[in-house]
Amino acid sequence: MGQPFEAIKITDRVYWVGAVDWEIRDFHGYSTDRGTTYNAYLVLADKITLIDTVKAPFVDQLLSRIASVIDPRDIDLIVSNHSEMDHSGSLPKVVASVEPKQVFASEMGVKALAKHFHQGPDVTPVKDGEGLSLGNMNLTFIETRMLHWPDSMMSYLGEEELLFSQDGFGMHLASCEMFADELPDCVLEWEAAKYYANILLPFSPLVTKLLTKVEELNLPIKIVAPDHGPMWRKDVGTIIESYRKWATQKPNKKVVIVYDTMWGSTAKMAHAIADAVSAAGCCPRVLKLRSAHRSDVATEILESGALLVGTPTMNNQMFPTVADVLYYLKGLKPAHLIGAAFGSYGWSGEGVGQAMEMLVAMDVDLVHDAPGAIRSQYVPTEGVLDDCRGLAKLICERLS
Ligand code: FEO
């Protein structure tokens, strides 16, 4: 093992012992421009308990951080809140090295871990609401099925009023500052929103249900410890309220204009729309798809009211980057959007219609039917640009 790593104290009895991944820039198709962390936590109860592990290549960081507090072989119990490999990838190696007395996961987690590791460790299933005595402290398990995997659960440590929230309330952010209150609000807001938009958005109704359930359980929560990014120890209500707000997907006056262009014609249309959106009192977000990543488009969609899609036609198809982003957004199931498609073409011009079909498949409420969509053969005339301005005005009237 190389350079030793230090654990970070959260309370007298709980330590962060995870790993920092400074270099990752693509997390299964999500751009992680600030890297990420794989958080794991050590609870120094009578029965010493490790909550989650880390992605397989980072196991030495995890074991080194644990060793900065205790002998890793003193760990009695391991809880796996989520079987996705960024949190369970090193579980077999950790179990082999630590030899805990028991490993716990949700019922679905037991099945998922078995399907991942085949010859993996014996795992004891726990149920929603079940408690686990650690001797002088107690864990309570809260199943969070489909938030965002079938196996997902959270663990609540009552004595510290601490929620190990697995992917929930997390973000991809590698930093020396491991507490949210040490980081700039603008960074937290963007990265937390990006995480929600790209991971949790399709499950928004379940997020609302979970927040209601947690409220009904009346669990005091002083600290939220997610599996990615900083821990929340002050103003925990801020991130919880953000989730409540994002889950409702209430549209606002932001108009997301995504487009690509071959010879600048669709770009001219996009900019005419954006300027008119601004003039009409809405807020345009213009994203050219060869410089904007699909996961950043998803983040902008989160609190927007409209999605306008500009595409040229190439080889009888909408432009590939446009197809990519629409396909990605469709899976995220954004709700309550109005929208339209527009674009230029040379001769056949199928691209705009195909984009409209995708918007319909996404349940976007189109403001134009297909014949009313704005298309420009080759370079847009002033008349076409006026139509673009008219579209912007119509969209903003609908959002007001
Ligand atoms: Fe961070 Fe769903 O794994």
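The values are calculated or read from the model by the stated rules, or taken from the named source; none is laboratory data. On a predicted model such as this, the values are computed, not experimentally measured, just so you know. For neighbour counting, all protein chains shown are included, and Cβ atoms are generated from backbone atoms with ideal geometry for every residue, glycine included. These area figures cover heavy atoms from the full protein model, side chains too; ligands, DNA and RNA do not enter into them. Shrake-Rupley method; radii C 1.70, N 1.55, O 1.52, S 1.80 Å.
Between their Cα atoms, which of LYS55/LYS111; LYS127/LYS330; LYS9/LYS55; LYS9/LYS115 are more than 31 Å away from each other?
On the way: LYS55/LYS111 19 Å; LYS127/LYS330 33 Å; LYS9/LYS55 21 Å; LYS9/LYS115 34 Å.
Over 31 Å Cα-Cα: LYS127/LYS330; LYS9/LYS115.
Classify segment 255-395 from the C-alpha gyration tensor, please: rounded if a/c falls under 1.5, else prolate or oblate depending on whether a/b exceeds b/c. Each step should come with its number before you reach the end.
Details: a/c = 1.43, a/b = 1.12, b/c = 1.27.
Because its axes are fairly even, with a/c under 1.5, segment 255-395 counts as rounded.
To check you understand DSSP bridge types, tell me what percent of the beta bridges within segment 255-395 (both residues inside) are antiparallel, rounded to 5.
Working: 2 of 23 bridges.
If I count the DSSP bridges inside segment 255-395, around 10 percent turn out antiparallel.
Using a cut-off of 10 Å between beta-carbons, work out the net charge of the residues near GLY109 (Lys and Arg +1, Asp and Glu -1, GLY109 not included). Walk me through the numbers before you get to the answer.
Values: positive: LYS111; negative: GLU107, GLU143, ASP151.
Taking every other residue near GLY109 into account, the sum is -2.
Spit out the partnerless Cys residues in the chain, using Cβ distances under 4.7 Å as the pairing rule.
CYS176, CYS186, CYS283, CYS388
For ASP21, what is the net charge nearby, where nearby means another residue's Cβ is under 11 Å from its Cβ and Lys, Arg count +1, Asp, Glu -1?
Values: positive: ARG25, ARG34, LYS55; negative: GLU23, ASP86.
With Lys, Arg at +1 and Asp, Glu at -1, the net is +1.
At what distance in angstrom do the alpha carbon centres of segment 187-214 and segment 104-154 lie from each other?
Using only Cα atoms to place each centre, the spacing works out to 21 Å.
Please return the longest stretch of the chain lacking exposed loop sites, where GluC sites (Glu not before Pro) count only if DSSP places them in a loop and at most 13 other Cβ atoms lie within 10 Å.
On the way: sites that count: GLU6, GLU23, GLU177.
Formally, the longest exposed-site-free interval is 178-400.
Computing the accessible area with a 1.4 Å probe over protein heavy atoms, can you report the carbon and sulfur percentage for the chain? Could you put the intermediate results ahead of the total?
Values: 8780 of 16650 Å².
That share works out to 53 percent.
With the contact rule set at Cα under 8 Å and sequence spacing of 6 or more, what percent relative contact order holds for the chain? Mind dumping the intermediate values first?
Details: 877 pairs, mean separation 45.6, N = 400.
Across the chain, relative contact order equals 11 percent.
Counting chymotrypsin sites (Phe, Trp or Tyr not before Pro) as exposed when in a DSSP loop with at most 13 other beta carbons within 10 Å, what is the longest stretch of the chain free of them? Intermediate results must be reported in sequence, preceding the final value.
On the way: sites that count: TRP22, TRP263, TRP347, TYR378.
By the stated rule (loop sites, at most 13 other Cβ atoms within 10 Å), 23-262.
Among MET171, ALA225, SER152, which residue has its Cα furthest toward the positive end of the charge dipole of segment 102-230, with +1 on Lys/Arg Cβ and -1 on Asp/Glu Cβ?
It is SER152.
Cut-off 10 angstrom, C-alpha nodes, Gaussian network model of the chain. Which of ARG290, ARG375, ARG389 fluctuates the most?
ARG290
What net charge do the residues around ALA392 carry, taking every other residue with its C-beta under 14 Å from that of ALA392, with Lys and Arg at +1 and Asp and Glu at -1? Walk me through the numbers before you get to the answer.
Values: positive: LYS253, LYS254, LYS268, ARG285, ARG389, LYS393, ARG398; negative: ASP275, ASP386, ASP387, GLU397.
That works out to +3.
What size of dipole, in debye to the nearest 20, comes out for segment 155-242 about its Cα centre when the only charges are +1 on Lys and Arg C-beta atoms and -1 on Asp and Glu C-beta atoms?
Numbers: 6 positive and 15 negative charges, 58 e Å.
Computed about the Cα centre, the dipole is about 280 debye.
Across segment 71-79, in residue order, what do the Karplus-derived ³J(HN,Hα) couplings come to in whole Hz, using 6.51 cos²θ - 1.76 cosθ + 1.60 with θ = phi - 60° and x for Gly and Pro?
6, x, 6, 7, 5, 8, 10, 10, 10
Can you compute log10 of I(q)/I(0) for the chain with the Debye formula, treating each Cα as one identical point scatterer, at q = 0.07, 0.09, 0.15 Å⁻¹?
Scattering profile of the chain, log10 relative to I(0): -0.38, -0.59, -1.19.
Calculate, for segment 8-248, the solvent-accessible area per residue in square angstrom, rolling a 1.4 angstrom probe over the heavy atoms of the protein chains.
Working: 9360 Å² over 241 residues.
Per residue, segment 8-248 has an accessible area of 39 Å².
How large is the charge dipole for the chain, taken about the Cα centre, if only the Cβ atoms of Lys, Arg (+1) and Asp, Glu (-1) carry charge, to the nearest 20 debye?
Numbers: 36 positive and 51 negative charges, 155 e Å.
Roughly 740 debye for the chain.
Could you tell me how far the Cα centroid of segment 228-289 sits from the Cα centroid of segment 369-388, in Å?
Segment 369-388 and segment 228-289 have Cα centres separated by 24 Å.
Would you mind telling me which residue in LYS55, LYS101, LYS268 has the biggest mean-square fluctuation in a Gaussian network model of the chain, where springs connect alpha carbons within a distance under 10 angstrom?
Fluctuation is largest for LYS101.
Output the antiparallel fraction of DSSP beta bridges having both residues in the chain, as a percent to the nearest 5.
Working: 28 of 64 bridges.
Counting DSSP beta bridges with both partners in the chain, the antiparallel share is about 45 percent.
For the chain, what is the mean residue ellipticity at 222 nm derived from helices alone (per DSSP H run of n ≥ 4: -39500 (n - 2.57); sum divided by total residues; nearest 500 deg cm²/dmol)? Don't skip to the answer; put the middle values down first.
On the way: 12 runs with 135 residues, N = 400.
One gets -10500 deg cm²/dmol as the mean residue ellipticity at 222 nm.
Collect residues whose amide H, placed 1.01 Å from N in the peptide plane, falls under 5 Å from the amide H of VAL286; neighbours closer than 5 in sequence don't count.
ILE257
Could you bin all the Cα-Cα distances of segment 316-400 into 5 Å bins starting at 0 and give me the percent of pairs in each, rounded to whole numbers?
3, 14, 24, 23, 21, 11, 3, 0
Under a cut-off of 16 Å between alpha-carbon atoms, report the lysines in cross-link reach of LYS288, not counting same-chain residues fewer than 8 places apart.
LYS268
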